[in-house]
Amino acid sequence: MPTLQPPAVSPPDTTEDDPRLGHLLGDDPDPGSAVLVGFPVDEGVVRNGGRPGASEAPDRLREQLYSMTPDARRGDAFLRLLRHTQDLGNL
């Protein structure tokens, strides 16, 4: 069985009044939560004649979450979703 590895992305420091999406993940460990699980593998891309690089996607996605701010127009619903989303790392 694969083992989950912690994300290789270090959250940047921001002020409390400037939250980023990545900071808001997983505040509420509800059993019905959504999860992020990375699968950093290029094998399928290589087998199909594509360009390797898909293995970098999970950590690149996490980096982008730390550069984005919450949508102010749909704040409450958006924040609820983020708080119920756990980042479990990579397989």
Checking the conditions here, which among LEU21, LEU36 is within 14 Å of the chain's Cα centre (by Cα), under 15 Å from ASN90 (Cα atoms) and surrounded by 13 or more Cβ atoms within 10 Å (Cβ to Cβ)? LEU36
Tell me, which helices (runs of 4 or more DSSP H) lie completely within the chain with 2 or more residues that are at pLDDT 85 or above? 43-47, 57-65
Residues in the stretch 60-78: is at least one at positive phi and either of a type in the set (D, E, K, R) or over 11 Å from the mean Cα position of the chain (by Cα) (or both)? no
Would you confirm, using the coordinates I've provided, whether ARG62 is open to solvent by less than 70 Å² (accessible area, probe 1.4 Å), charged (D, E, K, R) and in contact with a Leu (Cβ under 9 Å, 6 or more places away or on another chain)? yes
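The values are calculated or read from the model by the stated rules, or taken from the named source; none is laboratory data. Quantities reported herein were computed from a predicted structural model and do not represent experimental measurements. No Cβ is skipped: glycine too gets one built from the backbone with ideal geometry, and neighbour counts run over all protein chains shown. Just the protein is used for accessible areas: all its heavy atoms, side chains included, with ligands, DNA and RNA removed. Shrake-Rupley method; radii C 1.70, N 1.55, O 1.52, S 1.80 Å.
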